[in-house]
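Right, one structure below, let's go through it.
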Amino acid sequence: MAGFIRRFGYYPPNSVIREIEGVAIVDLPPPGSIQGVNTGVVAVIGEFLDMGAAVSVDTSGIVTANNRPSEVFSSQDFVNQYGGFSPYLGEFGAAFGNGFCTIRNKRFPRLIISAVDLVTRTSGSTYAMRFWRDLPTNVSATNANPIVPISGASIEAGRVFASGGSQLTTAQRVVFTTDEHYLSGTDGTVTAAAAAATQTFDSASGAFVANGVQVGDILVVGVIGASGAQGGDAGTFRITAITATQLTIQSMSGANFAIATSSSVLVWRIHPAAAADSAGCVGGVHVAIAGVSGYNVPARPSTTTIAAATVVTPAVVPAAATGSTWDPLSGLGGRTHPSGALTYDAAVHGTSGGSNYPFSTSAVIARYSLAIDALMNDEYPSRDVKIVVSSRNDATINSLLRTHVLTASSRGLTRRAMFAPDLSTLTLAAALASSGDGVGALRSERVDYSWPGASNYVPEAVGYTIATSDGLTTTDGVIDDPANAWLGSLEANLAPERNPGQAAEPVPTVLAPLLGFQRGAPKLNLAEYIQLRVRGVCALRFDQTVGPIFQSGVTTSLTAGETNINRRRMADFIQDSIAARLVQFCKLPLTDGLRDSVASEIEAFLSELKSPTNPASQRINDFIVDTVSGNTPDSEAAGIFVVIVKVRTLSTADFIVLQTEIGESVEITPLAA
């Protein structure tokens, strides 16, 4: 070989080429293409049963606010992450806030949730809890297998537990695993002993240390219902200390217990902690009942403070395990933190419908502010959000949300906000007001305001007494629902150049679940809809022919050129799509080739939108790309390269004029060919 062969992904300087004789292959990548950004990503901020993504628990069992928005991918995934329906969250018939109902029956191409923290106190520390279950008994004195296979189980967020007259609800889902036993025997030895916090359990064959038994793991002893010690000492216990042949054990609740009868032939088996103890479900922690790091489940007291180290039982108690039966949640129980009470704070822990409900207190608004702020970052999934909806409709929250979308958009996180007034806004004058949560209070072309609200059937709400917007209540599951989430869902499902006031698909599909206006809504006729359009309200209407629509696709801005929703959305789509590609050219040498690459990629993208060869796919009217006019020698010397892009978007047929002459004497003149 007369020389070396080298390959470069760029054109190297001559000094590099001349380093050694041979052939230098310059393998340049082909021109890139601009991919349009996704405009259908919706973030919903609201109050959910599962607040695990709104708080964190440290190794001391202390709960702190820590909002972490996440994407949900299906209905079941949503329930797993954020819980199901609760009639005790939100302010039905008024400011709303119930996150589950905000999402129920809506369609979202992509949905991101930022849950509001209603766990931590307004001052002082908040402490987490711990939960457990019993495992099925052993088959017999000579068979250490469980009577039924171990199955996983969960304590769903919102489950009620009580101690005396005090109640609490879990604020995060707890999962018990299906971990089978990893060690077993039939030679368990115990010695009769009075009730105490711990007892000893021996096994000559156990080799507990060698077999990796850990503090916190679960020991199942004996056979429930059997005679003698085999039945009298049967149960599920937590391991607190380990030697080669001996375990120190405690009851799952930590309560004192006795060894009834001495025995040396007890059947036994050991499971990993996660099979029966929440301390093993999060972070792999293995600790005895007094270990604060085992307290990792946030909870909300319902009415009163519950003292530290208090054992609580479920309001609905699962069936207890027997010698032949086992419920996956048999023996379910919980315990408050060893050194910190579960302190009730009416400002954040009150429940909907009660006299102690916090409504839109300053504490709740502050929690919404944190949930909104959590979306302001370049990390997945927050960076993808384009439309933001708040479940709670409050003037202060709306102001915070408006500031958020303006600030985020200025930082390249292009966004829009969907507003609606409190459901108690039942007059045209209140909706058009320039104060409170009226449309005139917070105008911007990045803010869309929708009113009146709608009726939405939520089957999970059937049988619960729910407040309605006319001051009454209902138990039939038909709730009053603010229109902002419906508008957000519709915009997310529409191409950005489409008018959300259109009646064509996907509008009928997206709005199909709507049953009618919210209770107490005024009668709106032509004159009222004219006022609503002029004042910047994207008003819900039920058309006798096409069904539910948003009559006018207008933003809240009254500035000429900023009034149409689709203009702002299409501008964002084009700007963001081009910018996402051009940022890859930053800091490269400003060669003629670079200029041509920039121009050609933009032109290719816009040509696709114009679609001159396929009119059915046309999305813009025309465009021009200019890489010359905006540049001067001085600006280029400063590293500034200006690309001027002008795009004429398509108008929407908002006003169709049907001119007719109909009668016996009308003259019909054939049109010229």
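Where a number appears in this text, it was derived from the coordinates with a stated rule and is not lab data. Fair warning: this is a prediction, and the values are worked out from it, not measured in the lab. Glycine also receives a Cβ, built like all others from the backbone with ideal geometry; neighbour counts cover every protein chain displayed.
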- How far, in nm, would the chain grow between residue 305 and residue 596 when pulled straight, counting 0.36 nm per residue and subtracting the alpha carbon separation? 97.8 nm
- Computed over the Cα atoms of the range 159-198, what is the ratio Rg over Rh, Rh following Kirkwood? 1.18
- Item | Vicinal HN-Hα couplings computed from phi for the range 533-541 (Karplus, 6.51 cos²θ - 1.76 cosθ + 1.60; Hz; Gly/Pro x) | 5, 4, 8, x, 9, 7, 8, 6, 9
- Extension gain (nm, one decimal) between residue 646 and residue 523, 0.36 nm per residue minus Cα-Cα: 39.9 nm
- Task: Please give every one of the aspartates and glutamates within straight-line cross-link reach of residue 587, meaning a C-alpha to C-alpha distance under 18 Å, and leave out same-chain neighbours fewer than 8 residues apart.
- Result: 596, 601, 634, 636
- Which of these values of mean projected area of the Cα convex hull in nm² was calculated from the structure shown: (1) 26.8; (2) 29.0; (3) 47.6? (3)
- Message: Give me the extension gain from residue 162 to residue 660: residue separation times 0.36 nm, minus the current Cα-Cα distance, reported in nm with one decimal.
- Response: 171.9 nm
- Item | Reachable aspartates and glutamates from residue 106, criterion Cα separation under 18 angstrom, eight or more residues apart if same chain | 47, 71, 77, 448, 460, 480, 481, 491, 505
- Note on the structure: As straight-line cross-link partners of residue 646, the qualifying lysines (C-alpha separation under 19 Å, not fewer than 8 residues apart within one chain) are 610
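Considering only DSSP states other than H, G, I, E and B, which chymotrypsin sites (Phe, Trp or Tyr not before Pro) in the range 111-190 qualify as loop sites with at most 14 other Cβ atoms within 10 Å?
When the chymotrypsin sites (Phe, Trp or Tyr not before Pro) of the range 111-190 are filtered for loop state and at most 14 Cβ neighbours within 10 Å, 182 remain.
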- Can you sort 487, 413, 558 by how many other beta carbons sit within 10 Å, fewest first? 558, 413, 487
- Query: Which order results if 656, 112, 147 are arranged by neighbouring Cβ count within 10 Å, fewest first?
  - Reply: 656, 147, 112
- Taking only the Cα positions of the range 127-336, the convex hull volume per residue in Å³ is 105 Å³
- When the convex hull of its Cα atoms is projected in every direction, mean area for the range 552-660 (nm²): 10.2 nm²
- Message: As a footprinting exposure proxy, order 535, 541, 367 by other Cβ within 10 Å, with the fewest listed first.
- Response: 541, 535, 367
- Task: Report, in whole Å, the centroid distance computed from the Cα atoms of the range 480-549 and the range 161-203.
- Result: 56 Å
